Amino acid sequence: MKEVCIIGLGYIGLPTAAMFATHGVKVKGVDVKQEICDTINGGQIHIEEPYLADLVKQSVLKGMICCSTKVESTEAYIIAVPTPITSDKKADLSYVVSAGEKVAKVLQKGDLVILESTVSPRCTIDVLRPVLEKSGLIAGEDFYLAHCPERVLPGQIIYELEHNNRVIGGINDESAEKAKDLYSTFVKGEIYVTDTITAELCKLMENTYRDVNIALANELAKICEKLGCNAWDVIKYANKHPRVNLHTPGPGVGGHCLAVDPWFIVEATEGIAQIIDLSRKTNDSMPSYVAEKISALVPEKAKIVILGCTYKPDVDDMRESPIMELVHHIKDQYMVQIVDPFIEEFDKNIYEVSNDADLIILGVHHKKFKDVSFEVLAKIMKKPVLLDTRNFFNKEKVEKFGFAYHLIGCAR
Ligand code: SAJ
């Protein structure tokens, strides 16, 4: 295929566009936001992801990526739009529907449509197919339709797009094979073909597997605090077993994947997905659990400095950040300051902000925080107290400077 249209130029759409463009497939990029199109057409990017800026710049200069707000006719369409959840934890598929409607207007016989967004089970055939068939063409007969979920880890998207294995579900075998041919342009991992529902559930279960395991670790943290021991030691020693891999506890689970995808399964299966439902609730309970710990450490009106507010370390993404949820819980009770080098608004000097503080909380373990001087902090804080929600700092090193060190999951 010589040309592909990618609809949705976000965390997945733009890196995917860059991969196609640098492997000889011309990309017509589409985004509803004119400013995003302008940024990319100017050779710049609007998200932070290693290596992406260079790839996009090269591709734009060579005329391999060109963006607009309109979907124009071509041979293949990849839909990579967001699929958020509503406040009552239901999948919001409106962006998929709207992208599908735009494709339907220009769809022609023999075209290929790929849904790359993570979606609820059966979305490809029950939601997207009828929208596309408004074109008057029949899926599987007149055009090809497949679901090809992304599996990349923010922070290493470019490497993983190329090297990860992929699962492609087709509405029929021809659709899956067509989509496989297209992705083979740049994917070096294995590409497995199956039906659309299996591919949808694969994607959802990968993230659910991780979410359930993190919930288990978070429950263990609560158990250890209750029983008077250290969850991090339990994890370290239990993981010496060849078939055990306990995950790590923390202040909760964020991002647009783990904190969202399991709800799609819960919604679609009416009461069956009980472990998944409870795990989501367990992970969602962590910010308020941390808030309770804070109330045992400092009085009301205390000055609290939180280090890190993105959903995970070394990324600039705040979607579903558990630390922002924590802030929401405590902001009326305390004077809260946030420091985060990845977020412009919070890119402040730790030492200026921590003057007279009563408590420092390590919320996200950005590598940059390794250099924090506890010697300096101990001198400028009102009382040197540290709550580490990620087991990031070394207890002995911190205590050496007079800090009281508290660790989530640890009673000692
Ligand atoms: N977290 C913990 N404890 C852990 C691991 C993670 O509390 O032991 C937290 C993180 O701090 C973060 C959240 O979980 O708040 C999610 O982070 P993550 O690194 O586990 O995953 P994501 O959301 O950045 O990316 C996931 C990946 N899925 C899996 O590893 C199964 C990625 O491969 C997917 O492509 C991505 O979701 C997606 O787009 O669905």
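Looking across 201, 182, 216, 227, one residue alone is away from the ligand (no atom under 16 Å from the Cβ), touching a residue at least 40 places away in the same chain (Cβ under 8 Å) and open to solvent by 40 Å² or more (accessible area, probe 1.4 Å). It is 227. For region 204-213, filtering for residues that are out of contact with any Asp or Glu (no Cβ under 8 Å at 6 or more places or on another chain) and either among the β-branched types (Val, Ile, Thr) or more than 15 Å from the ligand (Cβ to nearest atom) (or both) leaves 1.
If the condition is being open to solvent by 30 Å² or more (accessible area, probe 1.4 Å) and in contact with an Asp or Glu (Cβ under 8 Å, 6 or more places away or on another chain), then region 116-133 contributes only 122. Here residue 278 passes the criteria (1) away from the ligand (no atom under 11 Å from the Cβ); (2) crowded, with 19+ Cβ neighbours inside 10 Å; (3) of a type in the set (A, V, I, L, M, F, W, C) except the one numbered (2).
When the residues of region 353-377 are narrowed to those that are assigned to a helix (DSSP H, G or I) and out of contact with any helix residue (DSSP H, G or I) (no Cβ under 9 Å at 6 or more places or on another chain), which ends up nearest to residue 337 (Cα to Cα)? That would be 353.
For residues that are acidic (Asp, Glu) and within 16 Å of the ligand (Cβ to nearest atom), tally how many sit in region 354-412. Count: 1. Looking only at region 71-95, how many residues end up being more than 18 Å from the chain's Cα centre (by Cα) and either under 26 Å from residue 181 (Cα atoms) or of a type in the set (A, V, I, L, M) (or both)? Going through region 71-95 one residue at a time, the tally reaches 8. Residue count for region 360-394 under the criterion of being under 22 Å from residue 252 (Cα atoms) and without any contact (Cβ under 8 Å) to a residue 60 or more places away in the chain: the result is 13. Among the residues that make up region 56-72, is at least one of them in contact (Cβ under 8 Å) with a residue 40 or more places away in the chain, among the acidic types (Asp, Glu) and touching an Asp or Glu at 6+ places or on another chain (Cβ under 8 Å)? Checking region 56-72: not a single residue is in contact (Cβ under 8 Å) with a residue 40 or more places away in the chain, among the acidic types (Asp, Glu) and touching an Asp or Glu at 6+ places or on another chain (Cβ under 8 Å). When residues in region 162-179 are screened for being crowded, with 16+ Cβ neighbours inside 10 Å and in contact with a Lys or Arg (Cβ under 9 Å, 6 or more places away or on another chain), 6 of them pass. Among the residues of region 185-193, is there at least one that is away from the ligand (no atom under 13 Å from the Cβ), within 28 Å of residue 90 (Cβ to Cβ), among the hydroxyl-bearing types (Ser, Thr, Tyr) and not in a strand (DSSP E or B)? So far as region 185-193 goes, no, none of its residues is away from the ligand (no atom under 13 Å from the Cβ), within 28 Å of residue 90 (Cβ to Cβ), among the hydroxyl-bearing types (Ser, Thr, Tyr) and not in a strand (DSSP E or B). Return the residue satisfying two criteria in turn: it lies in region 134-155 and is open to solvent by 30 Å² or more (accessible area, probe 1.4 Å) and under 14 Å from residue 115 (Cα atoms), and of such residues it is farthest from the ligand (Cβ to nearest atom). That would be 144.
Okay, residues lined up against (1) crowded, with 21+ Cβ neighbours inside 10 Å; (2) within 16 Å of the ligand (Cβ to nearest atom); (3) more than 15 Å from residue 385 (Cβ to Cβ); (4) among the aromatic types (Phe, Trp, Tyr):
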residue	(1), (2), (3), (4)
292	no, no, yes, no
296	no, no, no, no
306	yes, yes, no, no
309	yes, yes, yes, no
313	no, yes, yes, no
317	no, yes, yes, no
331	no, no, yes, no
335	no, no, no, no
342	no, yes, yes, yes
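Using the structure shown, decide if residue 118 is of a type outside the set (Lys, Arg) and under 20 Å from the mean Cα position of the chain (by Cα). So residue 118 passes the test.
Among the residues of region 378-412, the ones that are buried (at least 20 other Cβ atoms within 10 Å of the Cβ) and part of a helix (DSSP H, G or I) come to 1 in all.
The values are calculated or read from the model by the stated rules, or taken from the named source; none is laboratory data. Model, not experiment: these values are computed from the prediction. Here Cβ is always computed from backbone atoms with ideal geometry, including for glycine, and neighbour counts include all displayed protein chains. These area figures cover heavy atoms from the full protein model, side chains too; ligands, DNA and RNA do not enter into them. Shrake-Rupley method; radii C 1.70, N 1.55, O 1.52, S 1.80 Å.
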